[in-house]
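Chemist: Shown below is the structure under consideration.
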Amino acid sequence: MRVDAAPEGLRQSMAWLHTWAGLLLGWLLFAIFLSGSLAFFKQELNLWSRPELLRLDPAPPPMTPAALARAEARLHALAPAAQSWRLSWPDERRPAALLSWREPAPAPSAASGPAPAEAKAARPRLEQRWLDPATAEPLAVRASFGAGEFFYRFHFELRSAVQSRWILEGRWLVGLASLVMLVALLSGIVTHRRIFKDFFLFRPRAKAAQRAWLDAHNLCGVLVLPFLLTITFSGLMTLHSLYLPAGIAAAYGKDSAAYFAELGGESAAERRGRPAPLPLLGEAGWTRLLAQAQREWPGARIDSLALQRGADGRPQLELSRHEGERLQYRAPLLRFDALSGQRLQLLDTAAPAARVYGVLYGLHMARFADWPLRWTLFGFGLLGSALMATGLLLWSVKRRGEVQRRGLAPGRGHRLVERLNLATVAGLPLAMAGLLWASRLLPLELAARPDAELRSFYAVWGLSLLAAALGCGWRGLWSAGALAFCGLGLVAGFEAFSARAQLTLPQAGFAPVFMLTGLLLAGLAWHCHRSATSAALAAGAPAPARASVRPDGALLRAGR
Amino acid sequence: MSGLLSSGLFCLAAFASLCLAQERHHEEACGRPPGVARQRGLWALAVLAGLASLPAVLARPDSGIAWAAWVAQLTLAALAVAGLATWRPRALPALLGGAAVLALLGSWPPS
């Protein structure tokens, strides 16, 4: 709204919307984007948290009937009463097989009947073990949430504890932020006056810091726009059932499970049979079933298999294709009768709307991406995070310029925004380093170790907020981040050196990646230092210790 | 040369000519703004190079993944050109020529 009450053009009103929507949710969006970019490397980061798995051969062994029979025998030894089980076969990014099963709920005591608290505890329990795929030996792996799993969960539900605490609230908040992101993208396109003329334009040496920041913001937004629009819209779609339940309720009533079943290509949500222990199929059984799968799906790569009881009580085998084989998420499933080997059902939707949804979902998850594409998408994610960061800084820089021109001191609101910018943009990488350090520093025998890992992330983030509030500057937090990551690089380098006889690709990759991240953060700290010094020299005063609080043009102008 | 690489080089050539068709960038690269004929020529070249990057995409068996990779490749090319226009504008004509020639060589003979 203009002060002089003159009519406002579309561009002005869109600029207003872009500025304030972006400011209010910019911090959250930065965190969502950065953690989401890291989630492209979920498997590799999980391996960092469970270094025991790095010793396995990274080339996945073939899925043979003998190997499956060994894994099945292992399951029956570990959990003879399991009601259902699943085996995820290793692939290039995940060297161990993951065996998970459902333990039956303990029978309620007949005398009193279960109290509500007991009833909650009496649900079937999900257990899992990592297996060496060659021998089916269970691997001794430290208790960890998995750094990749955490960034992935933080990205869409702001996960704060191992037990799913506040995740619905988190998903609502992330959904709201995605909606605002879409609004900010579209209003940003309208606001950008010279979108084609300035398509390649970046003036890091511009005299006005605001100009350099605006160029950087525009460049990040415009050049990566196809990625940003796709990832935002598809991200919004993945949680659609949460905030758009009315359509589902109108068509399916209370049976929303039927909706999800149809989305996956099932005719109706199949009721499971009465839980009961499962038979041992043995090598002969697996030979028959794998041959049958080969006939139905010639040349297919099977990612996981699950055994459970169907509605008629007969055991069913469900095979899932590898998700890297196509764009559409999820991979198709094929069900067989586990005893006769008869094909029961192919679960793969043919409905156009469901397929469009699957493709959007698949684009968001990028499970199809090979290494070059995965790194490219990660880079685009970082540029998206840079888009939020430059937008947030632009807000500060622009207003500080106005205040200084009028010879005033910055108000409380401006200082608050500056501190929050600092704690988010420079504090989050530090907190991420904190989580990666926790994988190495927390004692292995610690009770509730996964929760402690998550607490270390939030503790470091909280400390950087405190540091920002107490007047620590950009230089300080970037330097802390640089030290933390270079230290991680050293640790990873040492680990890779000790394992040099059988070094695998993920293990060899950690040290250079952490080191580069540390150097990048050190570069940012150095630029802040330089620009603070040159600003002080220009003003004819010695470099003030706190001048580095101001990021104005620091990242960009120092390219001189 | 793999089809993907020459397709990427075509994208690079397309964005380099698009960038050189802009008065500001042309002046930074060549010392003077482009004439009308040269500007139109550069635009035409950009469109042609963009189209030439497509056959390699259409040849891939999984078209969905190929299209996603193509958009990523376009974005990468645009980022590379923007970086060059910022820090080494004088290298832009060489990039355009080099990328176009290498891409043509790489996709010859047409299958």
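Chemist: Is it the case, given these coordinates, that A:Leu382 is touching a Ser or Thr at 6+ places or on another chain (Cβ under 6 Å), part of a helix (DSSP H, G or I) and touching a residue at least 40 places away in the same chain (Cβ under 8 Å)?
Modeler: Criteria met by A:Leu382.
Chemist: What's the total number of residues in the range A:381-439 that are under 21 Å from A:Trp526 (Cα atoms) and of a type in the set (Lys, Arg)?
Modeler: Number satisfying all stated conditions: 1.
Chemist: I'd like the full set of residues that are under 25 Å from A:Ala369 (Cα atoms) and surrounded by fewer than 18 Cβ atoms within 10 Å (Cβ to Cβ), limited to the range A:303-328.
Modeler: Correct list: A:His322, A:Gly324, A:Glu325.
Chemist: Ok, one more. Say we look at the range A:416-454 and pick out the residues that are without any contact (Cβ under 8 Å) to a residue 24 or more places away in the chain and assigned to a helix (DSSP H, G or I); which of these is farthest from A:Leu490 (Cα to Cα)?
Modeler: A:Leu416
Chemist: Taking the stated definitions as given, is A:Ala276 more than 28 Å from the chain's Cα centre (by Cα), open to solvent by less than 40 Å² (accessible area, probe 1.4 Å) and closer than 29 Å to A:Leu333 by Cα?
Modeler: Yes.
Chemist: Looking at the range A:211-248, which of its residues are away from every other protein chain (no Cβ under 14 Å) and of a type in the set (Val, Ile, Thr)?
Modeler: Answer for the range A:211-248, where residues must be away from every other protein chain (no Cβ under 14 Å) and of a type in the set (Val, Ile, Thr): A:Thr232, A:Thr238, A:Ile248.
Chemist: Can you find a residue that is more than 31 Å from the chain's Cα centre (by Cα), among the aromatic types (Phe, Trp, Tyr) and within 14 Å of another protein chain (Cβ to nearest Cβ) anywhere in the range A:195-210?
Modeler: Looking for residues that are more than 31 Å from the chain's Cα centre (by Cα), among the aromatic types (Phe, Trp, Tyr) and within 14 Å of another protein chain (Cβ to nearest Cβ), one finds at least one in the range A:195-210, hence yes.
Chemist: Does A:Arg171 satisfy being part of a helix (DSSP H, G or I) and more than 14 Å from chain B (Cβ to nearest Cβ)?
Modeler: Yes; evaluated as a whole, the condition is true for this residue.
Chemist: For the range B:32-64, enumerate the residues that are open to solvent by less than 90 Å² (accessible area, probe 1.4 Å), without any contact (Cβ under 8 Å) to a residue 12 or more places away in the chain and over 28 Å from A:Ala369 (Cα atoms).
Modeler: Scanning the range B:32-64 gives B:Pro33, B:Gly35, B:Ala37, B:Gly41, B:Ala44.
Chemist: Can you tell me which residues in the range A:59-95 are open to solvent by 40 Å² or more (accessible area, probe 1.4 Å), assigned to a strand (DSSP E or B) and of a type in the set (S, T, N, Q)?
Modeler: none
Chemist: Tell me, yes or no, whether the range A:475-485 has at least one residue that is assigned to a helix (DSSP H, G or I), free of Cβ contacts under 8 Å to residues at least 60 places away in the same chain, loosely packed, with under 14 Cβ neighbours inside 10 Å and in the same structural domain as A:Arg530 (by TED's automatic domain parsing).
Modeler: no
Chemist: Quick one: which helices (runs of 4 or more DSSP H) lie wholly within the range B:1-76 and hold at least 2 residues that are within 13 Å of chain A (Cβ to nearest Cβ)?
Modeler: Here the list reads B:3-20, B:23-30, B:36-52.
Chemist: Could you list, in sequence order, the residues of the range A:338-366 that are facing chain B (nearest Cβ under 10 Å) and in contact with a helix residue (DSSP H, G or I) (Cβ under 7 Å, 6 or more places away or on another chain)?
Modeler: Once the filter is applied, which keeps residues that are facing chain B (nearest Cβ under 10 Å) and in contact with a helix residue (DSSP H, G or I) (Cβ under 7 Å, 6 or more places away or on another chain), the range A:338-366 yields A:Val359, A:Leu363, A:Ala366.
Chemist: Still on this structure: Given the condition within 14 Å of chain B (Cβ to nearest Cβ) and either of a type outside the set (Val, Ile, Thr) or in a helix (DSSP H, G or I) (or both), answer yes or no: does some residue in the range A:309-321 qualify?
Modeler: yes
Chemist: Continuing with this model, one more query. Just to be sure before I move on: is A:Ala369 outside any helix (DSSP H, G or I) and at the interface with chain B (Cβ under 10 Å from one of its Cβ atoms) in the structure I sent?
Modeler: yes
Chemist: Could you check, for the range A:207-215, whether at least one of its residues is in contact with a Phe, Trp or Tyr (Cβ under 6 Å, 6 or more places away or on another chain) and among the charged types (D, E, K, R)?
Modeler: Yes, there is a match, as at least one residue in the range A:207-215 is in contact with a Phe, Trp or Tyr (Cβ under 6 Å, 6 or more places away or on another chain) and among the charged types (D, E, K, R).
Results for (1) free of Cβ contacts under 8 Å to residues at least 12 places away in the same chain; (2) of a type in the set (Lys, Arg); (3) open to solvent by 50 Å² or more (accessible area, probe 1.4 Å); (4) under 19 Å from B:Leu42 (Cα atoms), shown as yes or no for each residue.
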residue	(1), (2), (3), (4)
B:Trp70	no, no, no, no
B:Ala78	no, no, no, yes
B:Ala82	no, no, no, yes
B:Thr86	yes, no, no, no
B:Ala94	yes, no, yes, yes
B:Ala100	no, no, no, yes
B:Leu105	no, no, yes, no
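Chemist: Quickly run through the range A:221-257 and pick out the residues that are open to solvent by 20 Å² or more (accessible area, probe 1.4 Å), in contact with a helix residue (DSSP H, G or I) (Cβ under 7 Å, 6 or more places away or on another chain) and within 26 Å of A:Val397 (Cβ to Cβ).
Modeler: Result: A:Phe227, single match.
Chemist: Is it true that A:Ser35 is open to solvent by 30 Å² or more (accessible area, probe 1.4 Å) and small (Gly, Ala, Ser)?
Modeler: The answer is no for A:Ser35.
Chemist: Can I ask one more? Report yes if some residue within the range A:147-154 is at pLDDT 95 or above, of a type in the set (A, V, I, L, M) and open to solvent by 30 Å² or more (accessible area, probe 1.4 Å); otherwise report no.
Modeler: No, the conditions are met nowhere in the range A:147-154.
The values are calculated or read from the model by the stated rules, or taken from the named source; none is laboratory data. Every value quoted in this text rests on a predicted model; they were computed, and no experiment measured them. Using ideal geometry, Cβ is built from the backbone for each residue, glycine included, and neighbour counts are taken over all protein chains shown. Side chains are part of the model used for accessible areas, which takes the heavy atoms of the whole protein and leaves out ligands, DNA and RNA. Shrake-Rupley method; radii C 1.70, N 1.55, O 1.52, S 1.80 Å.
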